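Visitor: A single structure is presented below for examination.
The values are calculated or read from the model by the stated rules, or taken from the named source; none is laboratory data. Nothing here was measured: the structure is a model prediction, and the numbers come from that model. Counting neighbours? That spans all protein chains shown, and the Cβs are built from the backbone with ideal geometry, glycine included. These area figures cover heavy atoms from the full protein model, side chains too; ligands, DNA and RNA do not enter into them. Shrake-Rupley method; radii C 1.70, N 1.55, O 1.52, S 1.80 Å.
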Amino acid sequence: MKKIGELLIEAGKVSERDIERALLAQREMGDRLGQVLIKLGLVSELDMTQALSEQLEIPMLSASDFPEEPVALPEIPQIFLISNGVVPVSRTEQEVLFAASAPQDPYLCKALGMAIDAPVRVVFGLEGDISKALEAREENQTSSEDDEFGDQFSGQSDDEFIEHLKDLASEAPVIRLVNQIIHRAVDMSASDIHIEPFEDGLHLRYRVDGVLQEQPDSPAASLAPAIASRVKLLSGMNIAERRLPQDGRIMTRVKGHELDLRVSTIPTVHGESIVMRVLDRESIRLSLPDMGFSEDTLARYQTLLAKPHGVLLVTGPTGSGKTTTLYASLASLDSDRLKIITVEDPVEYQLQGVNQIQVQSQIELTFARSLRSILRQDPDIIMIGEMRDTETAQIGVQSALTGHLVLSTLHTNTAAGAITRLEDMGVERYLITSSVNGVLAQRLVRTLCSSCKEPVELSEVAVRKYNLQRFLPEGQTTVFQAKGCDHCGHTGYVGRTSIHELFLLDDEMHRVIMEGADATTLHITARRQGMITLYEDGLRKVVQGLTSLEEVMRITQDQSQDDGLPESAGSSDARAGNAIA
């Protein structure tokens, strides 16, 4: 019998070098060689199953060979079929035919034969096809059977419950289910996966282009503990701890994409809520011109990056692309000529020629402790992932005053708000004016689908209401709005771009800060100095046809009102749409 590796090489599916790599990985992972090759993305499940079918001389069934109606087989519990990845295909007087992902397993054939006391034949089937068939069977199960599955944990002690969870998390159905959840995130280009237990069941939602989308085919509520345990095992969390929040990380490869999943769990009244932030290492754009900057804002921002020392802050809420902008900023610098060190939690993407430090709080390697140490490394540029506390902010400011360029992020709503935030963190005003060069506020807005976006005529009332007259070219009276088609999933949007607000600290701004002005006064002063706000930068992208007025209003409602526009300008998407006529 030829080895599976030889068959795959002969079929041209892999190279000898691929097999060598898989054998090395097999020593670490412990799985069968075929499973290792699939996990590494070197072969598809179909190619592997066909090769195994040839090697073992066991037939293989395709999805079209499966029956439309589930085969009745009351002798075998549904949980056994799910746990072993096997599904009945047909039943005759001569034999019962099953499809399984591992039909060569002698235990499986023996157990099936004993359960139904009839001749049994098990052939190959693809895991995805088997999973769909099992889901169809599960939908046909009675509520009593569902209750039986859900009550499997009753009467168990804590230790027995935890061991049961570990067993469930290691079984094929749960592994497949969690893999399917992650694979769907890649297919949808989702940035976050939300798995949330509620009273009415388990909800599965994906954040696509900044907006959450509910999935109608959420997993059964009874699978919630097993799913949580599987995710915890993958991310290195404590599976026994269900009362406290936990954080972890999963590194995996899905459909040719290197994924970094940042996992967070938190206990709720109905179970553990799980959120996975999806970081696709291969889709990251590390070019400042591709980040959505307007030309004038980019030119001023690059001037700040070229300064030899000082603090440059990027602000915005979670998920607004702050860290990506900082990565693109570092990538635009000459790492061969400059010594660049970053302190991050976590290190999201590895940059060529940049020394990156991962914060590890469990061994007290904090932002502040790392910063104190790296100043002895003779850096030219320091990037701090986030100024979270007083000590980190003060060390960052002192670093800027001693001849370093310091890049960092802050969680504030506006660029001017970063100044008052630093004051709240204990940084003296005179230190702020001496060290901070500028603050960049950023948001992400969805871009219109090029396949279905449609023009809409602007009335004179709408132009005045939204202050569009400043940005509309002479003679232009139309912008674009979302419509929806199959290409964009009927949302009207595909992808996102950035809008920015760059707050520069000049002599006038230094005077206002030293007088103790609040964020509102700072913002008004910056406007007088010519600062383009987030709302106005959004309007420029509306005029260019990149996004819609409704989308800009959704992201910058507070901004539009702060800039002296009528109250109705920021009231709602619907009212914004009604004004365009």
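Visitor: What does the extension gain come out to for Asp105 and Glu68, with contour length at 0.36 nm per residue minus their alpha carbon separation?
Guide: Full-extension gain reported as 10.7 nm.
Visitor: Would you compute, from DSSP H runs of 4+ residues alone, the mean residue ellipticity of the chain at 222 nm, taking -39500 (n - 2.57) per run and dividing by the full residue count, rounded to the nearest 500?
Guide: -11500 deg cm²/dmol
Visitor: Tell me whether segment 346-453 comes out rounded, prolate or oblate; compute the Cα gyration tensor, take square roots of the eigenvalues as a ≥ b ≥ c, and use a/c under 1.5 as the rounded threshold.
Guide: oblate
Visitor: For segment 338-395, restrict the atom set to alpha-carbon positions and state the Rg and Dmax in Å.
Guide: 10.8, 31
Visitor: If you take every residue apart from Ala526 with its C-beta less than 10 Å away from the C-beta of Ala526, what net charge results, scoring Lys and Arg +1 and Asp and Glu -1?
Guide: -1
Visitor: Another question, if that's okay. Taking the Cα centroid of segment 180-245 and of segment 301-329, what is the distance between the two, rounded to the nearest whole Å?
Guide: Here the answer is 32 Å between Cα centres.
Visitor: Oh, and also: Which of the lysines could be linked to Lys322 by a straight reach, that is with a Cα gap under 23 Å, when you skip same-chain ones fewer than 8 residues away?
Guide: Result set, ordered by chain and number: Lys307, Lys339, Lys541.
Visitor: Oh, and also: How many nm is it between the label spots at Gln215 and Val123, if each spot is 7 Å from the Cα in line with the beta carbon?
Guide: 3.1 nm
Visitor: Determine the sum of side-chain charges near Arg205: Lys and Arg each +1, Asp and Glu each -1, restricted to other residues whose C-beta is under 13 angstrom from that of Arg205.
Guide: -2
Visitor: Once each part is reduced to its C-alpha centroid, what is the distance from segment 77-132 to segment 392-463 in angstrom?
Guide: 59 Å
Visitor: Nearest 20 debye, what's the magnitude of the dipole of the chain about its Cα centre given +1 on Lys and Arg Cβ and -1 on Asp and Glu Cβ?
Guide: Charge dipole, the chain, about its Cα centre: 2020 debye, nearest 20.
Visitor: What Cys residues in the chain have no fellow cysteine's beta-carbon under 4.7 angstrom?
Guide: Lacking a cysteine Cβ partner under 4.7 Å: Cys109.
Visitor: So, R0 is 22 Å and r is the distance between the beta-carbons of Arg429 and Arg528; what FRET efficiency does that work out to, to 0.05?
Guide: That pair, Arg429 with Arg528, gives E of 0.65.
Visitor: Hey, another quick one. Dipole of the chain (Lys/Arg Cβ +1, Asp/Glu Cβ -1, origin at the Cα centre): which of Leu24, Leu7, Ala526 lies farthest to the positive side?
Guide: Checked the options; the winner is Ala526.
Visitor: Same structure again: Within the chain, what whole-number % of the accessible surface is contributed by carbon and sulfur, with the 1.4 Å probe and all protein chains included in the calculation?
Guide: Here carbon and sulfur together make up 48 percent of the probe-accessible area.
Visitor: Same structure again: With a/c under 1.5 counting as rounded, go ahead and sort segment 467-535 into rounded, prolate or oblate using the C-alpha gyration tensor (a ≥ b ≥ c being the square roots of the eigenvalues; past the cut-off, prolate if a/b is larger than b/c, else oblate).
Guide: prolate
Visitor: May I ask for the distance between the Cα centers of segment 516-541 and segment 489-504, given as a whole number of Å?
Guide: Rounded to whole Å, the Cα centres lie 19 Å apart.
Visitor: Follow-up. Report the label-to-label distance for Arg184 and Thr268 in nanometres (one decimal), using points 7 Å from each Cα along the Cα→Cβ vector.
Guide: About 1.6 nm, to one decimal.
Visitor: Calculate, in nm to one decimal, what Arg249 and Asp518 gain on full extension: separation in residues at 0.36 nm each, minus their alpha carbon distance.
Guide: Stretched out fully, the Arg249 to Asp518 stretch lengthens by 92.9 nm.
Visitor: If you don't mind, another one. I need the Kirkwood Rh of segment 197-267: take the reciprocal of the average 1/r across all distinct C-alpha pairs and report it in angstrom.
Guide: 13.7 Å
Visitor: When a/c reaches 1.5 or more, the comparison of a/b and b/c decides; with that in mind, is segment 304-404 rounded, prolate or oblate per its Cα gyration tensor?
Guide: rounded
Visitor: Follow-up question, since we're still on this one. Using mean Cβ contacts within 10 Å as the protection proxy, how do 119-126, 360-367, 347-354, 479-486 order, highest first?
Guide: Answer by packing, highest mean first, reads 119-126, 479-486, 347-354, 360-367.
Visitor: Continuing with the same structure: Of (1) 30; (2) 27; (3) 41, which one was derived for percent of Cα pairs over 40 Å apart from the structure shown?
Guide: (3)
Visitor: If the limit is 30 Å between Cα atoms, which of Lys39/Lys453; Lys2/Lys39; Lys2/Lys110 go over it?
Guide: Too far apart for the 30 Å limit: Lys39/Lys453.
Visitor: Can I ask one more? All other residues with a Cβ under 9 Å from the Cβ of Gln442 taken together, and with Lys, Arg as +1 and Asp, Glu as -1, what is their net charge?
Guide: Charge balance in the 9 Å sphere: +1.
Visitor: Something else: Please report, to one decimal in angstroms, the Kirkwood hydrodynamic radius of segment 1-95 built from all distinct Cα-Cα pairs.
Guide: Computed over segment 1-95, the radius equals 15.6 Å.
Visitor: Between Leu472 and His257, 0.36 nm times their residue separation minus their Cα-Cα distance comes to what?
Guide: Gain on extension, Leu472 to His257, equals 73.3 nm.
Visitor: Continuing with the same structure: Roll a 1.4 Å probe over the protein chains and send me the accessible area per residue for the chain in Å².
Guide: Ligands and nucleic acids excluded, the result is 48 Å² per residue.
Visitor: Quick one: if the Förster radius is 56 Å, what FRET efficiency do Leu40 and Arg511 give, using the C-beta to C-beta distance and rounding to 0.05?
Guide: That pair, Leu40 with Arg511, gives E of 0.40.
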